[in-house]
Amino acid sequence: MVRTTAKPTRKTADSATKATGAKTRPPRKPAAAQTLKTGTNGIKKTYSKTKNTCKVTFSLPHEAVKDARTVCVAGEFNDWNIYANPLTRRRDGSFSVTIELERGREYQFRYLIDDMYWENDWVADKYVPSAFGDCDNSVVVV
């Protein structure tokens, strides 16, 4: 006796729609800007479709700042001015700030916590040796 088994047929979206009468969703329209996120806390990039800029959100998690009162980001985008871009404390204890930067560039930066010590971004695009001291600077590539 020879057994034959029928191969299960694979339903396509069209055949499923015809069989059930259900409608499929139309494809989503692309967003006005593309957003890239490198981590829950870290660097989030939102590229403008109309300008040659990128809105970069710099974030430090609560674990990095502990009980800090102030956090600022200083870098090539603000001539290393430690007071130009203070971060705002969020409900979860982390800090963040959004800065609009020119696209097609790399910017070195670091965070200054409570005007006392420096911290790198834990998920920076890359790190380069600092010209000042025995440490690295974080780098964001936009």
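The values are calculated or read from the model by the stated rules, or taken from the named source; none is laboratory data. On a predicted model such as this, the values are computed, not experimentally measured, just so you know. Virtual Cβ from ideal backbone geometry, glycine too; neighbours counted across all protein chains shown.
Table for the structure above
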read-out: Matching strands (runs of 3 or more DSSP E) fully within segment 80-136 where at least 3 residues are in contact with a helix residue (DSSP H, G or I) (Cβ under 8 Å, 6 or more places away or on another chain); value: 95-102, 106-113
read-out: Segment 94-118, residues that are over 18 Å from the mean Cα position of the chain (by Cα), surrounded by fewer than 16 Cβ atoms within 10 Å (Cβ to Cβ) and in contact (Cβ under 8 Å) with a residue 24 or more places away in the chain; value: ASP114, ASP115
read-out: Residue count for segment 26-50, restricted to those that are surrounded by 12 or more Cβ atoms within 10 Å (Cβ to Cβ) and modelled with pLDDT of 90 or more; value: 6
read-out: Selection within segment 57-78 - more than 18 Å from VAL141 (Cβ to Cβ), in contact with a strand residue (DSSP E or B) (Cβ under 9 Å, 6 or more places away or on another chain) and either free of Cβ contacts under 8 Å to residues at least 12 places away in the same chain or acidic (Asp, Glu) (or both); value: LYS66
read-out: Test: SER138 is touching a Leu at 6+ places or on another chain (Cβ under 6 Å), of a type outside the set (A, V, I, L, M) and either closer than 21 Å to ASN52 by Cα or in contact (Cβ under 8 Å) with a residue 12 or more places away in the chain (or both); value: no
read-out: Hey, ASP67 of a type in the set (D, E, K, R) and at pLDDT below 95 or not; value: yes
